[in-house]
Amino acid sequence: MPVEEFAVVDDRDLHPLVEKLAQHGAAAVFSRVRDRTVAHVTMPVSERDAEICRQIIEEWNSGVS
C-alpha cells in the first residue's frame, strides 16, 4: 500500500481526521517537522477509496471538516 505525505495546516484535534480516513481503509501517522504537522497516510488499495481519502485531507486543511 502506498504512503502519501500531506501537511496538516492547523492544530485541531486530529482524532476526527483519523476516524474519517479509517472509514475508507487508510491509516495515518503524524510527525512534527520544523514546527508543522505532517501526516504520513497509508492509502487503501482501492483507488476510489484513496481518492476519497485525499479529498478528506483537502477538506480538513480547508477547514471544512
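The values are calculated or read from the model by the stated rules, or taken from the named source; none is laboratory data. Computed from a prediction, not measured in an experiment: that's the story for all the values here. Cβ coordinates were reconstructed from backbone atoms using ideal geometry, including for glycine residues, and neighbour counts include every protein chain displayed.
Just one of the numbered conditions (1) without any contact (Cβ under 8 Å) to a residue 12 or more places away in the chain; (2) in a loop (DSSP other than H, G, I, E, B); (3) surrounded by 13 or more Cβ atoms within 10 Å (Cβ to Cβ) is not true of Asp13; which one?
(3)
For region 43-54, which positions are of a type outside the set (A, V, I, L, M, F, W, C), over 9 Å from the mean Cα position of the chain (by Cα) and not in a loop (DSSP other than H, G, I, E, B)?
So the first thing to find is which residues in region 43-54 are of a type outside the set (A, V, I, L, M, F, W, C), and the list is 44, 46-49, 51, 54.
Remaining after also requiring over 9 Å from the mean Cα position of the chain (by Cα): 44, 46-49, 51.
Glu47, Arg48, Asp49, Glu51, listed by residue number.
State all residues of region 5-28 that are of a type in the set (Val, Ile, Thr) and at pLDDT 95 or above; if no residue qualifies, say none. Spell out the reasoning first.
Start the filter on region 5-28 by keeping residues that are of a type in the set (Val, Ile, Thr), which leaves 8-9, 18.
Val18, the sole residue that qualifies.
Could you tell me how many of the residues in region 19-40 are part of a helix (DSSP H, G or I) and crowded, with 16+ Cβ neighbours inside 10 Å? Don't jump to the end; show me each part of the working.
The initial filter retains those residues of region 19-40 that are part of a helix (DSSP H, G or I), namely 19-22.
This time we only want the ones that are crowded, with 16+ Cβ neighbours inside 10 Å, so: 20-21.
Within region 19-40, residues that are part of a helix (DSSP H, G or I) and crowded, with 16+ Cβ neighbours inside 10 Å number 2.
Does Val3 satisfy the criteria of being free of Cβ contacts under 8 Å to residues at least 60 places away in the same chain, under 14 Å from Glu58 (Cα atoms), surrounded by 11 or more Cβ atoms within 10 Å (Cβ to Cβ) and not aromatic (Phe, Trp, Tyr)? Spell out the reasoning first.
Details: free of Cβ contacts under 8 Å to residues at least 60 places away in the same chain: yes; under 14 Å from Glu58 (Cα atoms): no; surrounded by 11 or more Cβ atoms within 10 Å (Cβ to Cβ): yes; not aromatic (Phe, Trp, Tyr): yes.
Spelling it out, it is not the case that Val3 is free of Cβ contacts under 8 Å to residues at least 60 places away in the same chain, under 14 Å from Glu58 (Cα atoms), surrounded by 11 or more Cβ atoms within 10 Å (Cβ to Cβ) and not aromatic (Phe, Trp, Tyr).
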